[in-house]
Structure formats: C-alpha cells, structure tokens
Amino acid sequence: MKLCRFDHNRIGLVRGSNVHDVSAILDALPPLRYPAPFGDHLIAHLDDLRPQLERLADEAVPKRADGIRFLSPVANPSKIIGTPVNYRAHAEEAENDRQIAVYLENRSLSIEEQGLFLKASSSLVGPSEGVAVRFPDRRTDHEAELGVVIGRKTGPIAEADALGVVAGYAIALDMVVRGKEDRSFRKSPDSYAVLGPWLVTADELGDPGALDFTLHVNGERRQAANTRDMIIGIARQIALASSVYTLYPGDIMMTGTCQGVGPVKPGDVMTLAFERIGEMTVAVR
Ligand code: MN
C-alpha cells in the first residue's frame, strides 16, 4: 500500500498513477486526549485501518497524481534520526572536501562510536512545499537518502527483529548547510527535512537493502547508488537508535547519503527517484 498526505491534509492511497482520496479514514481514529502521545496518530493505527483504507480507496474517484501537492506522508514524527556518513564513497568525498570535512574530526570512528544525530521535527516538509535556503551566503547541500518510518512504539530491539517495527519507506532529503555549527543546528532549519512523495508499506516494498536511487539537479545527475552500499544496514541503524531512544510511530530515520552531494541555490529543482518507491520533485527557493 502507498499512503500519502496531499493538498490541505487530505489522505490518499496511491494506485498506479492515481491518488484515491481516503480522508474519511480520519473519522475512524480514536479521539486524542491531552497529553497527546508522542508520534503520528495515523501511522500508529495504520495496521488496524488497512482494510478500511483499501475499501475507501475502492469507492473513491481516482485523481491523477501529477496534479497533486504532496505533503510529508508523516505529519507528526516525535523525532527525525540521522545516520552519519553511511556510504564509503561518500566518506571518501567528504574527507577530500574541506567544507564537508570541517565537522568530520571523528571520521576514523565507526558509526556506533560516533552515534546518530537528530534533526528538528519542525524541519519536516513534503516535496511540494520545497526547500527554503536559510543561509544564502553559505553552501547548502542535498543528501538523497532512504527514509524509514517506524510503525510502533519500541524500546531496545535486537537487529534481527528491527525490520519488524517498520511501517514503511519513503524518499528522504537530508538538507544541510555546511559550516562549523553542530549538525543538529545545520540540518534543522525549516524545510531541511523532506519526506515523500508517499509511504510504501514494508510488506509492499520488500528488501529495503537493495534499492537503486538517484538525485538530479536541474536534470543533471548528481547522486546515484544502491542501498546495499550502506556501511551499516537499516536493521542495525534501528537497533542502534532503539538502544538510546524509545521509538514512536511515525519516527523517521534518514539512513545516510551516498557520494555526489553538492550545493543547491534558489531556483534549482531536485528530482529524486527510488526503485520500488517512485519519484519526487523538490524546488529550492
Ligand atoms: Mn545525511
């Protein structure tokens, strides 16, 4: 199943090149009481609601996906977790680039030794909202990544069980301004986390560790790799994250980028494509 949020917070299922409006599903969610639990209310109930979602989609009049404004398929993540330098060829390019390397004093350490990082939840947008460059005089880079969306609350979990807590996958952009500040500052301006265009449920996607992906800027190819090139795989990243943070439904993991990162400026258009997920276009302003 491919789940999206679009236009003014409509919920849709994507079938082929069409979107079926299933927003009536929101009436089936249990009412929230203060204090609202951490996480995304829809993702938390996704498993239970699937039969109803499919039924609503069957009854909906399909709209063509190409005219639709896609928002992030997750509305309320409690956190966005990032994995540092997780592709070898990107590690090499980072070492050779002064502007990237400024923060890589720990580059001889393993990912487990460095730990993960967090991006502010408020940085999250969908592809149609675009990326707003926050420091026009500095270098803002694109990082194409596989996005993993957690499906249920979990404490520490073993690597062997970790993929079992995944709701699904989406295309992610971990935008970053280069410089000397802490990662959580440079990667968290509003719109510096893009997720879209929809969530592909884990059962439909299959193995997340064998997906070709690309990122183009204005039609020029910048990044291309396969998720099998990751230094530590998705299950291990989830296990590592869960050893530190309780994971909640809707939490997003950005699993690291490959070689070919580079700057964007207002007016550029980024196009990202992931095998078995789809394609998303993101304007820079
Ligand atoms: Mn990244």
* Separation between the Glu275 and Asp27 pseudo-spin-labels, each 7 Å from Cα along Cα→Cβ, expressed in nm? -> 4.3 nm
* Structure fact -> Violations at 19 Å Cα threshold for listed pairs Lys2/Lys119; Lys79/Lys265; Lys187/Lys265 -> Lys2/Lys119; Lys79/Lys265
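Just the number, please: carbon plus sulfur as a percent of the accessible area of the chain, 1.4 Å probe, no ligands or DNA/RNA counted. Before the final figure, lay out the partial values.
Working: 6090 of 12460 Å².
That share works out to 49 percent.
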* Asked: Under a point-charge model restricted to the Cβ atoms of Lys and Arg (+1) and Asp and Glu (-1), what is the dipole moment magnitude of segment 216-265 relative to its Cα centre, in debye to the nearest 20?
  -> 140 debye
* In what order, largest first, do Glu93, Glu275 sit by accessible area if the probe radius is 1.4 Å? -> Glu275, Glu93
* Asked: Protein chains only, probe 1.4 Å: how do Lys180, Lys79, Lys265 rank by accessible area, largest first?
  -> Lys180, Lys265, Lys79
* Structure fact -> Taking a probe of 1.4 Å and leaving out DNA, RNA and ligands, segment 70-144 shows per residue an accessible area in Å² of 44 Å²
* What is the dipole size for the chain, taken about its Cα centre, with +1 at each Lys and Arg Cβ and -1 at each Asp and Glu Cβ, in debye to the nearest 20? -> 640 debye
* To do: May I ask for the distance between the Cα centers of segment 66-96 and segment 165-208, given as a whole number of Å?
  => 3 Å
* Hey, what number do you get for the chain at 222 nm if only DSSP H runs of n ≥ 4 count, each worth -39500 (n - 2.57), divided across all residues, to the nearest 500? -> -4500 deg cm²/dmol
* Computed magnitude of the charge dipole of segment 45-120 (debye, nearest 20; Cβ of K, R +1, Cβ of D, E -1) -> 340 debye
* Asked: For segment 218-285 and segment 39-55, what is the separation of their C-alpha centers, rounded to whole Å?
  -> 25 Å
* Hypothetical label at Ala160: residues of segment 221-261 whose amide nitrogen lies under 19 Å (7 Å Cα-Cβ projection) -> 233-243
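Probe radius 1.4 Å, ligands and nucleic acids left out: which of Ser72, Ser78 has the largest accessible area, and how do the rest follow? Present the calculation step by step, with values, prior to reporting the outcome.
Numbers: Ser72 0, Ser78 35 Å².
Ranking Ser72, Ser78 by accessible area, largest first, yields Ser78, Ser72.
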* Just the accessible area for Glu279, please: 1.4 Å probe, Å², rounded to the nearest 10? -> 110 Å²
* Asked: Accessible surface of Asp207 in the full protein assembly, 1.4 angstrom probe, to the nearest 10 Å²?
  -> 90 Å²
* Okay, which of segment 249-285 sit inside 14 Å, backbone N to the point 7 Å along the Cα-Cβ direction of Asp97? -> 257-265
* **Helix 46-59 axis, angle to the chain major axis (alpha carbon atoms, nearest 10°)** => 60 degrees
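The values are calculated or read from the model by the stated rules, or taken from the named source; none is laboratory data. Because the structure is a prediction, the values reported are computed rather than measured. Counting neighbours? That spans all protein chains shown, and the Cβs are built from the backbone with ideal geometry, glycine included. Ligands, DNA and RNA are excluded from the accessible area calculation, which covers all protein heavy atoms including side chains. Shrake-Rupley method; radii C 1.70, N 1.55, O 1.52, S 1.80 Å.
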